[in-house]
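Here is the structure we will look at.
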Amino acid sequence: MIAQLKSVGHVLSDEQQVQAVIRSLPNNWEHLKCLGAAKAASNAFVAESSGLQAQEKLERNGKD
């Protein structure tokens, strides 16, 4: 946003830039909690499937 303002010739002071950034922050962070929970679940699934694949590979190699 600040870069866009500069590109059209509207220069902001450092204080105005900080205020603009603070105003652009969301009032509520609930959406980030949901994203974090979804990422954790995805990571757990990947770890579990990787473990199962490794176990399967070990079992196949043991049968040869």
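The values are calculated or read from the model by the stated rules, or taken from the named source; none is laboratory data. Nothing here was measured: the structure is a model prediction, and the numbers come from that model. Using ideal geometry, Cβ is built from the backbone for each residue, glycine included, and neighbour counts are taken over all protein chains shown.
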Practice prompt. Among the numbered conditions (1) in a helix (DSSP H, G or I); (2) on the phi > 0 side of the Ramachandran plot, tell me where G9 comes up short.
Written response: (1)
Item to complete: Under 7 Å between Cβ atoms, at least 6 apart or on separate chains: pull out the pairs that start in region 27-40 with a residue that is modelled with pLDDT of 75 or more and end on any residue that is surrounded by 10 or more Cβ atoms within 10 Å (Cβ to Cβ).
Response: none
Worksheet item: Only one of G62, G51 is modelled with pLDDT of 80 or more, assigned to a helix (DSSP H, G or I), small (G, A, S) and surrounded by fewer than 10 Cβ atoms within 10 Å (Cβ to Cβ); which?
Response: G62
Worksheet item: Just a yes or no: is a residue in region 38-45 of a type in the set (S, T, Y) and loosely packed, with under 10 Cβ neighbours inside 10 Å?
Response: no
